[in-house]
Amino acid sequence: MGYSPEGVNRGAGESTHEMTDLRVITRDAPVRAQAGAVAAAALAALRQALRRIEPVTAGAMLLALFYTAGYLGHQVLPGNDPAYPLGWWGWWDQSQYIGSARALAAQDWTPSSHWYPLGYAILAAPFVHLQRAHLFFFVDLACLIACYGGFLAFARRVGVGAPWAVPAFVLAVAGDPRLFQTWIEPWNTSPTAALFWLLLASIAGHFDTFTASRLRLGTIGLLAAAIPLFRPTDGLAAAVCVAGVLLHDGLGRRLSGRNLVAMALGGALVMLPYAALYLRIYGLHQTEYVRISRQLGFVPGDFVFKAFVLLIEPRAWFGMGEGVLERAPWIVLGLAGIVSALTASRPPARWALALLVVAMAAQAFLYIAYIDLLPSGLWLYHAVHYFKWMVPGFALLAVLWVRQLIMGRRLVAVLALVGVLVILSVRIVPERETNGGQSRLAYFPGLIVSWPDGYLAPALALQDAAGSLPNITAMRLVPLPDGLRAVALRRKFEPPIAWAAGAAPTGAQQAAAPYFYYEHVTIGWPCILPPYPCKRTPF
């Protein structure tokens with residue numbers, strides 16, 4: 001050290017200082033060795049402690065960690081962007097949630113302060129003065145953990161233990177960032193997801209006992225009645241769950257008047273206070289939210305088309321979007337797992353799983369038929385949150401399929417998967433209509449319209465041989481760089497077609513005549529599998 005050229009050049013003073021440093025380092029070497037040993041021992045103790053943590057607790061800790069990290073790092077979190085400090089409170093739905101919660105905390109009973117059903121705002125109102133902009137943080141985290149707990153309780157009742165159920169829930173819910181965002185952002189589907197799984201767990205416990213517990217029946221009534229107080233449309237799936245209990249008990253000859261009273265009393269515990277609050281705010285009038293929802297309505301007759309563009313492939317029709325199964329292809333195993341669920345060995349488990357499948361089918365049918373749920377808004381406006389509680393359900397069904405494949409009737413599992421893939425090989429593609437027949441799509445080439453002036457403009461309307469088709473309520477305009485598309489929703493177009501008087505976008509009169517396309521059903525390689533043959537559009 002001292003005899004090196006560098007040491008000579010630096011001079012004696014620096015050389016002495018360097019020697020001193022070397023002595024210190026040499027003297028501290030045993031200390032550093034001891035510190036390393038302590039660190040290694042601490043790491044070993046931490047690993048041992050982690051091994052002692054039960055899978056259920058570990059899963060809850062992971063969910064809380066992912067939720068907190070995702071919340072703090074969300075690009076639209078209020079306060080994260082100085083250029084847009086409102087964050088998601090500037091979105092329509094979220095602005096109504098926080099406005100209603102603040103109004104409840106301030107005892108403001110004016111109807112204009114409460115757009116959505118009151119359940120979600122009631123949960124957040126106690127946090128208004130504590131968190132201000134983040135009053136839904138603990139509410140949504142509690143909903144996530146409650147949903148997780150209900151899911152695990154239901155899974156245990158149907159024979160799926162924690163080693164399978166915990167990773168299934170965590171991976172399904174938090175594995176995809178875009179799906180997990182629907183838990184991080186304030187949506188009123190977070191409490192309904194928790195309520196659904198707590199309800200299903202209570203029902204599975206009821207099915208798994210020989211005698212009916214009136215306390216459990218009261219809990220079932222309470223949970224089922226609470227769901228529509230957050231989202232009225234989710235009341236259909238809740239009603240399916242209650243009907244399943246009544247059918248099960250009726251067939252098992254344990255349905256009695258006292259049991260029915262217990263369920264009714266449980267429901268009354270939440271319905272009566274809510275009714276009093278509703279009357280205090282709205283009186284005997286329906287809310288504007290209910291009125292507009294009814295105006296939009298549902299079109300069950302177009303279920304097959306809507307299911308295809310929402311779940312499988314929307315690009316050919318809407319020029320944009322991504323199917324749910326393309327984003328989460330593992331759901332295919334969940335669809336195949338329906339067969340595994342319905343062939344469960346234990347009758348109580350079979351009843352509970354059958355009820356889960358029917359409730360999920362009812363929920364899916366209702367929302368797919370909803371006229372305002374489109375692939376253009378499924379991810380852009382995060383409307384995928386409608387299916388939030390169903391995602392863990394598909395994960396559970398996928399687990400049942402995997403277990404059947406590994407440990408059970410492999411032929412049944414393989415045939416179920418093949419059957420699902422055969423169904424998914426059906427395609428609905430646009431075919432040019434040249435004979436003036438009914439059409440699903442009208443394409444205006446070269447007509448360039450901004451997104452707000454097209455997609456979000458209720459004043460625009462088309463007129464065809466059967467009458468007027470207003471934008472949003474009967475059709476949807478989708479502005480694209482190559483032109484404007486009009487997708488028929490309430491009924492199909494019947495050419496000739498023209499813009500309604502005073503309801504045309506700028507430049508429509510100079511635009512070329514539209515092309516029309518009808519639905520052509522064909523068979524091909526499933527769109528959701530590589531090499532993803534349906535991503536190319538015909539335009």
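The values are calculated or read from the model by the stated rules, or taken from the named source; none is laboratory data. None of the values given here were measured: they were computed from a predicted structure. Every residue, glycine among them, receives a Cβ derived from its backbone with ideal geometry; neighbour counts consider all protein chains shown.
For beta carbons closer than 7 Å, sequence separation of 6+ or different chains, a first residue in the range 432-453 that is without any contact (Cβ under 8 Å) to a residue 24 or more places away in the chain and a second that is not in a loop (DSSP other than H, G, I, E, B), there are no qualifying pairs. Inspect the range 427-438 for any residue being under 11 Å from A336 (Cα atoms), in contact with a Phe, Trp or Tyr (Cβ under 6 Å, 6 or more places away or on another chain) and of a type in the set (V, I, T) and give the result as yes or no. Scanning the range 427-438 turns up no residue that is under 11 Å from A336 (Cα atoms), in contact with a Phe, Trp or Tyr (Cβ under 6 Å, 6 or more places away or on another chain) and of a type in the set (V, I, T).
Taken together, the residues in the range 456-473 that are over 13 Å from A488 (Cα atoms), under 27 Å from the mean Cα position of the chain (by Cα) and buried (at least 17 other Cβ atoms within 10 Å of the Cβ) amount to 1. Filtered by the rule that a residue be buried (at least 22 other Cβ atoms within 10 Å of the Cβ) and in a helix (DSSP H, G or I), the range 124-138 gives a lone residue, A124. Does W197 meet the test of being touching a Cys at 6+ places or on another chain (Cβ under 9 Å) and either surrounded by fewer than 19 Cβ atoms within 10 Å (Cβ to Cβ) or touching a residue at least 12 places away in the same chain (Cβ under 8 Å) (or both)? So W197 fits the description; yes. Outside the structural domain of D140 (by TED's automatic domain parsing), at pLDDT 70 or above and more than 30 Å from H382 (Cβ to Cβ): is that true of A29 in this structure? When the stated conditions are applied, A29 does not pass them.
The set of residues from the range 86-117 being surrounded by 14 or more Cβ atoms within 10 Å (Cβ to Cβ), hydrophobic (A, V, I, L, M, F, W, C) and not in a loop (DSSP other than H, G, I, E, B) comprises W88, W89, I98, A101, A103, L104, A105.
Residue count for the range 48-79 under the criterion of being of a type in the set (S, T, N, Q) and within 24 Å of I145 (Cβ to Cβ): the result is 2. It is to be established whether one or more residues within the range 415-436 are basic (K, R), surrounded by fewer than 15 Cβ atoms within 10 Å (Cβ to Cβ) and in a loop (DSSP other than H, G, I, E, B). No. Comparison of P526, P495 shows that the only residue that is under 35 Å from the mean Cα position of the chain (by Cα) and part of a loop (DSSP other than H, G, I, E, B) is P526.
Scanning the range 293-301 for residues that are within 30 Å of P533 (Cβ to Cβ), free of Cβ contacts under 8 Å to residues at least 12 places away in the same chain and assigned to a helix (DSSP H, G or I) turns up at least one hit. Which condition from (1) without any contact (Cβ under 8 Å) to a residue 24 or more places away in the chain; (2) part of a strand (DSSP E or B) is the one that S468 breaks? For S468, the exception is condition (1). Does the range 504-523 contain any residue that is more than 30 Å from L417 (Cα to Cα), modelled with pLDDT under 90 and not small (G, A, S)? Within the range 504-523, one or more residues are more than 30 Å from L417 (Cα to Cα), modelled with pLDDT under 90 and not small (G, A, S).
Residue-wise test of (1) under 21 Å from G419 (Cβ atoms); (2) touching a Leu at 6+ places or on another chain (Cβ under 9 Å).
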{"position": "Q295", "(1), (2)": "no, no"}
{"position": "P314", "(1), (2)": "no, yes"}
{"position": "L325", "(1), (2)": "yes, yes"}
{"position": "W330", "(1), (2)": "yes, yes"}
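Exactly one residue among A316, A352 is of a type in the set (A, V, I, L, M), touching a strand residue (DSSP E or B) at 6+ places or on another chain (Cβ under 8 Å) and in a helix (DSSP H, G or I), and that residue is A316.
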